[in-house]
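Visitor: Encoded as structure tokens, here's the structure I'll be asking about.
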Amino acid sequence: MLKAVVARALQAISRPRLCRVSGALACALLCAALALWPAPASARSAHGIAWGEQLKYPPGFSHFDYVNPNAPKGGSVNLDGYGSFDKLNPFTLKGIAAAGLSVLMFETLAEPSKDEPFSMYGLLANDIEFAEDGLSITFRLNPAARFSDGSPVTAEDVRHSFVTLTSRQAHPRYRQSFADVAGVRVLDARSIRFDFKRRNHELHMIIGIQMPVFSRNWGKGKSFSDLVQDEPIASGPYRIERVEWGRSIIYRRNPDYWARDLNVRRGMFNFDRIVYKYFKDETARLEGFKAGEFDWIYENSARNWARGHTGPRYASGELVKREFPHSNASGMQGFALNTRRALFADVRVRRAIALAMDFEWMNRQVFYDQYRRTPSYFTNTDMVALGKPGEDEMVYLEPLRKQHSPAVFGEVPMPPSTAAPSSLRANLRLARSLLSEAGWQVDDEGVLRNAAGHEFSFEFLTYSKAFERVAESWVRNLGKLGIEVTMRTTDPALYRKRIEDYDFDAIVHVFAASQTPGNELVESYTSAAASEKGSQNMPGVRDPAIDALVSRILESGSRPELAAGARALDRVLRHGHYMVPHFHAPANRVAFNRRLAHPETIPKYYWSPTWLLKTWWVQPDASSKAKR
């Protein structure tokens, strides 16, 4: 009877739903406690929540499928850092945080599953209640949860973390992500409720899996923005053993880690020590790996992958090269054109600049045919806009018809191609026509100028020689249009400062995507983000129609609604030509020392460095017994 009642109730709920009902006594106590404060009329208790899907893992599950629950503990792994670092606080805008901090030291209320599109299971919280009206979520903390100093994780610590992260002292991305939180209320020592201004299809999930929790005693008495080199007091599996500022950082696994036997942590964080050594450039990084200075490398250079990962240690099998498949949304990487600059304000100019990129030549001559062209801001998902808008997209587009260009209702733009019957020559002719329409003409000296006589020139800014190679042929083709581009490579710290201040003309930028897009759209594409220092809106997209689309997408009540809204947004963004689309790889390229091992099952959705830190281990050998 109970199963039938629960089944009917679950069928009636179209949003994230519970997968565990607490025991009768626990429910009675909880209901009695809830009566003491205002609460939604109906809420359900869960060991986890999935958006738009049923949870894969049932109550009391042993471990995730993509871990080895019997992985040996012990050993050390050496990894690479790039550039430098000067702080241990990853949540402020100023400075560069040490590698590994967020993953190794800071935990969240829930843990995402990497083989489901968008789900979470209790971590710091062992009980989650999402209101049926979608306007609040309550977390009850695991009584065993402890910070690295041995103190318990309390609801006040969670509240402190939220208030701090959404203050002006923290990075603005948190204020943007949590803008729809109306209030946070501590219900008792272990219970906290987040109330929302409106329904938002993922805000409850974002709070659960993306809001780091830290102790109120971390840097007590200091302003958060001045909290730079104090060791974090957090609940994660590692503590800092030693820091050499700008050169290396060593983490050691906390022997008193509170969650070591928790199901969402079983088989994870198996290394005793994790060492990051910093390298100043890509060449030194690769040579350091081949010389044995570190043990694992995620390779994002096609040239290095094809020609650099060779030598006697590869031939002997000591170093292993592997391509690991993934189902990740690839998002959009490309040359971001800063529309805050008057030079790039005209969409015809931006489209012309994109026509100068010859991907087919680059892939053949430079990238060893390892890449695929990226057409969409949601590449590798079901949210890629195709052809003309369908009826489901028109639900989103039609109310904003007067704000859209008429072209939005036609065929969606595809990245220009030079594959036959197209050609670079034809693309450049079209580009020259578009530039002429926008008021730019080539003078007798072959220089592109406007009516005022100003030369069309800009700077391409990067921190990596590898990106210079990506830009070289594009810059050369722009020269054929009379456009002069200066390439400038600077150190990572200065580069970060300049892009945070939007002090650039063109850069390589990546708009990350997910299988369930949500609040990150605010930081990436809205007018408010374009003015917010440190946001992801590098091109400076300012379009009221896009603002309205993002707002409506966040209120999606089902997966089909979400996909249709995202396709509509993709269509409008692509018609804006804010990016010169690049390419993506269908697999993660990884080289590693053979003493490292990984689980046989590879998660569907994962970021390679985090996958290593969480699930790999050192293989035991005769000379060193692994600790259990």
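The values are calculated or read from the model by the stated rules, or taken from the named source; none is laboratory data. Note that this is a predicted model, so its numbers are computed, not measured. Every residue, glycine as well, gets a Cβ built from its backbone with ideal geometry; the counts of neighbours run over all protein chains shown.
Visitor: Considering each of GLY479, GLY446 in turn, give the residue that is surrounded by fewer than 21 Cβ atoms within 10 Å (Cβ to Cβ) and at pLDDT below 95.
Guide: Working: GLY479 fails: at pLDDT below 95.
One residue alone meets the criteria, GLY446.
Okay, residues lined up against (1) part of a strand (DSSP E or B); (2) not aliphatic (A, V, I, L, M):
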position	(1), (2)
ALA563	no, no
HIS575	no, yes
VAL580	yes, no
ASN588	yes, yes
PHE592	yes, yes
PRO609	no, yes
LYS614	no, yes
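Visitor: Considering only residues that are touching a residue at least 24 places away in the same chain (Cβ under 8 Å) and outside any strand (DSSP E or B), look in segment 176-197 and name the one that is farthest from ARG140 (Cα to Cα).
Guide: Top of the filtered list is GLN176.
Visitor: Give me the residue from segment 600-623 that is aromatic (Phe, Trp, Tyr) and within 25 Å of GLY331 (Cα to Cα) and, out of that set, modelled with the highest pLDDT.
Guide: First, pick out the residues of segment 600-623 that are aromatic (Phe, Trp, Tyr): 605-607, 611, 616-617.
Subset that is within 25 Å of GLY331 (Cα to Cα): 605-607, 611.
Working: TYR605: 88, TYR606: 86, TRP607: 84, TRP611: 95.
The residue in question is TRP611.
Visitor: Moving to a separate point now. Could you tell me whether segment 268-276 includes any residue that is part of a helix (DSSP H, G or I) and farther than 17 Å from GLY81 by Cβ? Outline the logic, then answer.
Guide: Initially, segment 268-276 is screened for residues part of a helix (DSSP H, G or I), giving none.
Taking every residue of segment 268-276 in turn, none turns out to be part of a helix (DSSP H, G or I) and farther than 17 Å from GLY81 by Cβ.
Visitor: Out of the residues in segment 201-217 that are assigned to a loop (DSSP other than H, G, I, E, B) and at pLDDT 95 or above, state the one that is nearest to SER524 (Cα to Cα).
Guide: Of the residues in segment 201-217, the ones assigned to a loop (DSSP other than H, G, I, E, B) are 201-202, 211-212, 215-217.
Then keep just the ones that are at pLDDT 95 or above; that gives 211-212, 215-217.
Numbers: MET211: 18, PRO212: 21, SER215: 30, ARG216: 31, ASN217: 33 Å.
Restricting to residues being assigned to a loop (DSSP other than H, G, I, E, B) and at pLDDT 95 or above, the top hit is MET211.
Visitor: Sticking with this one: Can you name the strands (runs of 3 or more DSSP E) wholly within segment 284-383 that have at least 1 residues being in contact with a helix residue (DSSP H, G or I) (Cβ under 9 Å, 6 or more places away or on another chain), closer than 30 Å to ASN427 by Cβ and touching a residue at least 12 places away in the same chain (Cβ under 8 Å)?
Guide: Filter on segment 284-383 gives 332-337.
Visitor: If you check PHE178, PHE214, PHE162, PHE194, which single one turns out to be buried (at least 22 other Cβ atoms within 10 Å of the Cβ), within 22 Å of the chain's Cα centre (by Cα) and of a type in the set (Phe, Trp, Tyr)? Steps first, answer last, please.
Guide: On the way: PHE178 fails: buried (at least 22 other Cβ atoms within 10 Å of the Cβ); PHE162 fails: buried (at least 22 other Cβ atoms within 10 Å of the Cβ); PHE194 fails: within 22 Å of the chain's Cα centre (by Cα).
Among PHE178, PHE214, PHE162, PHE194, only PHE214 is buried (at least 22 other Cβ atoms within 10 Å of the Cβ), within 22 Å of the chain's Cα centre (by Cα) and of a type in the set (Phe, Trp, Tyr).
Visitor: Within segment 417-441, how many residues turn out to be touching a residue at least 40 places away in the same chain (Cβ under 8 Å) and polar (S, T, N, Q)?
Guide: 3
Visitor: Right, here's the next one. May I ask you to verify whether ALA71 is modelled with pLDDT of 95 or more, within 25 Å of the chain's Cα centre (by Cα) and not assigned by TED's automatic domain parsing to the domain that holds PRO609? Please lay out each step first, then the result.
Guide: On the way: modelled with pLDDT of 95 or more: yes; within 25 Å of the chain's Cα centre (by Cα): no; not assigned by TED's automatic domain parsing to the domain that holds PRO609: yes.
Judged against the criteria, ALA71 is not a match.
Visitor: Specify which of the listed residues (THR615, THR601) is surrounded by fewer than 20 Cβ atoms within 10 Å (Cβ to Cβ), over 30 Å from ALA354 (Cα atoms) and β-branched (Val, Ile, Thr).
Guide: Working: THR615 fails: surrounded by fewer than 20 Cβ atoms within 10 Å (Cβ to Cβ).
From the options THR615, THR601, the qualifying one is THR601.
Visitor: Something else: Where residues in segment 495-550 are among the small types (Gly, Ala, Ser) and in a loop (DSSP other than H, G, I, E, B), which of them is farthest from PHE178 (Cα to Cα)? So that I can check it myself, show each step before the final result.
Guide: Initial filter on segment 495-550 (among the small types (Gly, Ala, Ser)): 506, 512-514, 518, 524, 527-531, 534-535, 540, 545, 548.
Filter once more, keeping what is in a loop (DSSP other than H, G, I, E, B): 512-514, 518, 534-535, 540.
Values: ALA512: 18, ALA513: 18, SER514: 18, GLY518: 11, GLY534: 16, SER535: 14, GLY540: 21 Å.
Here the residue is GLY540.
Every residue, every condition in (1) within 26 Å of the chain's Cα centre (by Cα); (2) under 18 Å from PHE106 (Cβ atoms); (3) assigned to a loop (DSSP other than H, G, I, E, B), yes or no:
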| site | (1), (2), (3) |
| --- | --- |
| ARG199 | yes, no, yes |
| GLY236 | yes, yes, yes |
| ARG239 | yes, yes, no |
| VAL243 | no, yes, no |
| ILE250 | yes, yes, no |
| ALA259 | yes, yes, yes |
| VAL264 | yes, yes, yes |
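Visitor: Hey, another quick one. How about segment 344-369: which of its residues are of a type in the set (A, V, I, L, M, F, W, C) and surrounded by fewer than 17 Cβ atoms within 10 Å (Cβ to Cβ)?
Guide: So in segment 344-369, the residues of a type in the set (A, V, I, L, M, F, W, C) come out as 344-345, 347, 349, 352-357, 359, 361-362, 366-367.
Matches in segment 344-369: ALA345, TRP361, VAL366.
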